[in-house]
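This report concerns only the one structure given below.
The values are calculated or read from the model by the stated rules, or taken from the named source; none is laboratory data. Remember, predicted model here, so these are calculated numbers, not experimental data. Backbone-built Cβ (ideal geometry, glycine too); neighbour counts: all protein chains shown. Accessible surface areas use protein heavy atoms only, side chains included; no ligands, DNA or RNA. Shrake-Rupley method; radii C 1.70, N 1.55, O 1.52, S 1.80 Å.
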Amino acid sequence: AEADGVLFSDGAAVVVLKTLDRARADGDHILGLLTGVGTSADGRGKTIYAPNTKGQQVAIERAWTAAGIGASDVDWVVAHGTGTRAGDQVEVKTLTAALAGHPGVWVTSNKSIVGHTGWVAGIVSLIHVLTALQHRLIPGQRRFTAAPAAWQLECTPLRIPTTDQAWPPPPDRPRTAAVSGFGFGGT
């Protein structure tokens with residue numbers, strides 16, 4: 001079914017999470033470190049499918065606080081990016097506020113490739129990041145030609161790559177990606 005640009009799909013995804021010490025002790029090949037998670041609920045929104053930027057901002061602030069990072073530390077955001085007018089507009093507004101002052105950050109969504117996998121969409125995006133870390137490439141946004149004028153991307157730090165971008169490790173800090181896994185109502 002397709003509604004307002006969203007193509008729903010089925011999906012299943014699994015990642016194994018261990019503490020860093022345990023993974024090292026077990027001799028595991030470590031693909032990445034999950035350093036912070038932030039959650040919130042904004043159930044007082046208009047409807048369950050119309051997200052609220054306040055709830056998204058709280059989740060982002062909590063994740064970054066838990067990770068001990070700020071906006072300037074983020075190289076790439078894998079946005080929830082559902083393809084709905086309301087959802088994408090709110091997420092662009094949220095990310096613009098959260099990343100204010102950043103000189104330019106890559107933003108993509110994988111839903112143009114795999115569709116919206118519903119309950120596992122956040123884990124699919126996490127796997128997307130882990131794969132990008134391995135390949136040292138931020139994948140370009142597929143099937144993207146231009147953002148809606150209402151987003152005013154030229155006035156934001158958000159950059160949507162249409163081709164793959166090299167993502168080598170910088171000498172002074174780890175590569176850092178943020179994943180937005182928003183649920184209905186911005187939870």
Dipole magnitude of the chain, debye to nearest 20 (Cβ charges: Lys/Arg +1, Asp/Glu -1, about Cα centre): 140 debye
Per-residue ellipticity at 222 nm for the chain, helices alone: DSSP H runs ≥ 4 residues times -39500 (n - 2.57), over residue total, nearest 500 deg cm²/dmol? -8500 deg cm²/dmol
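Within the chain, count lysine pairs with alpha carbon atoms under 26 angstrom apart where the residues are 8 or more positions apart or belong to different chains.
On the way: Lys46/Lys54; Lys46/Lys93; Lys46/Lys111; Lys54/Lys93; Lys54/Lys111; Lys93/Lys111.
Lysine pairs meeting both conditions in the chain amount to 6.
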Report the one residue of Leu20, Ser9, Ala67 whose Cα lies farthest in the direction of the positive end of the charge dipole of the range 5-144 (charges on C-beta: Lys and Arg +1, Asp and Glu -1; origin at the Cα centre). Ser9
Please list 3J(HN,Hα) in residue order for the range 51-63, calculated via the Karplus relation 6.51 cos²θ - 1.76 cosθ + 1.60 where θ = phi - 60°; whole Hz, with x for glycine and proline. x, 10, 4, 4, x, 5, 4, 4, 4, 5, 4, 5, 5
When the charge dipole of the chain is computed with +1 at the Cβ of Lys and Arg and -1 at the Cβ of Asp and Glu, the Cα pointing farthest to the positive end, of Val37, Asn110, Ile127, is that of Val37
Whole-percent carbon and sulfur share, accessible surface of the range 24-176, 1.4 Å: 57 percent
Non-local residues with an amide H under 5 Å from the amide H of Thr117, with H modelled 1.01 Å from N and Pro and chain starts lacking one, are Ser9
Exposed trypsin sites (Lys or Arg not before Pro) being those in a DSSP loop with at most 14 other Cβ atoms within 10 Å, the longest stretch of the chain free of them is 47-135
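Over the chain, what is the relative contact order in percent, taking alpha-carbon pairs closer than 8 angstrom and at least six residues apart?
Values: 302 pairs, mean separation 58.8, N = 187.
The normalised contact order for the chain reaches 31 percent.
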Per 10 Å bin, what percent of the C-alpha pairs of the chain does each bin hold, from zero upward? 9, 36, 39, 13, 2, 0
